[in-house]
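Down below is the structure, laid out as structure tokens.
What follows is calculated from the coordinates using simple rules that are stated; it is not laboratory data. The model shown is predicted, which means the values in this text are computed figures rather than measured ones. Here the Cβ positions follow ideal geometry from the backbone for every residue, glycine too, while neighbour counts run over all protein chains shown.
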Amino acid sequence: MDAKKVKEVMILLSEYATVNENDTLQDAIKTLYLSQQALSNNDYKHRAVLVYDKIGNITGKVSSLDVLCALEPKYSQLGHSDHLDKMGLSRFGLSNDFLHSLVENYNLWDESCESLVKKARKRKVKDIMYSPQKGEYVDEDLPISEAIHQFILGHHQSLLVLKDDKVVGILRLTDIFKLICDLIVKK
């Protein structure tokens, strides 16, 4: 692959959906919805909202998985910190029967989806967001090949892009995949 840099593929922070950490889940979903509507049909839709603190630093993300986890607060009883487990419990050889028993034993989803949504929409973003770890950041001047390495080894859907230790954008797996597909088709 040529020496294409992360900054040539990333989405600038100013072009991505963002919310304040004190906003509600409902605010975050509205922001995501509006950002998706603004994109052309040729663009991949944003699947997450980036979260900033009171001084404007990006401190987290709210993804579709975070939204689903926020609907059922009892997931916290299973011992997750920022995510239940990024790689999923079934990757550890746990059977579907065991996973089903967790649902029953913890009374997960024992209310209607509508009831859970009504409660969750008022939750603060800071209480449901995922805080990225060290391996989920990439410098804007790194070659795309190094970012691909991070995606593969970390099983990430996106990486936050840094310039001088400040988040300036997001690099999504979908954009890397499109880049690779374009290269395959053109060669």
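Structure data summary
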| read-out | value |
| --- | --- |
| Listed residue pairs exceeding 25 Å between alpha carbons, taken from K126/K178; K45/K126; K5/K45; K134/K186; K4/K126 | K126/K178; K134/K186; K4/K126 |
| L12 paired with S115, simple spin-label distance in nm, labels 7 Å along Cα-to-beta-carbon | 4.8 nm |
| Note, ³J(HN,Hα) from phi for region 109-120, Karplus 6.51, -1.76, 1.60, rounded to Hz, x at Gly and Pro | 6, 8, 10, 5, 4, 4, 5, 5, 4, 4, 6, 6 |
| Low-density loop positions, chymotrypsin sites (Phe, Trp or Tyr not before Pro), region 10-75 - DSSP coil, at most 14 other Cβ in 10 Å | Y44 |
